[in-house]
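No value in this document is a laboratory result; all are computed from the given coordinates. Just so it is clear, the model here is predicted, and its values are computed rather than measured. Backbone-built Cβ (ideal geometry, glycine too); neighbour counts: all protein chains shown.
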Amino acid sequence: MSNVPGATALPSPASRIHGCLLGGALGDSLGYAIEFDSISAIRGRFGAAGLQGFEALDGGTHFSDDTQMTLLSLIHI
C-alpha cells in the first residue's frame, strides 16, 4: 500500500484473473446475441452504431461454449 494520498493498492493476481474471466464472459454474452447476424441486420435492429450494451437487448442473453471452454481450460491448468 502506498502512503501517497489517493493512491490505491493494485488488485491481487486472483482479482485480475476473475476480472479477465468476467470481462470475457460479458463480451461473449453480447456477441452471442448477434453472432450470426449480418451487419445490416445488426444495424436494422440496433441502429447505425450497432449493439452498444445489454440494455438494448430484449430479455436476457447467454454466454456461449467459448466461455465454458475458457473456464474448463482454467480448471485443468
Name the single residue, out of those in the range 1-51 being of a type in the set (Val, Ile, Thr) and assigned to a helix (DSSP H, G or I), that is surrounded by the fewest Cβ atoms within 10 Å (Cβ to Cβ). 39
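Please enumerate the residues belonging to the range 54-77 that are closer than 18 Å to residue 20 by Cα and either touching a residue at least 12 places away in the same chain (Cβ under 8 Å) or surrounded by 10 or more Cβ atoms within 10 Å (Cβ to Cβ) (or both).
First, the residues of the range 54-77 that are closer than 18 Å to residue 20 by Cα: 62-77.
The answer is 62, 63, 64, 65, 66, 67, 68, 69, 70, 71, 72, 74.
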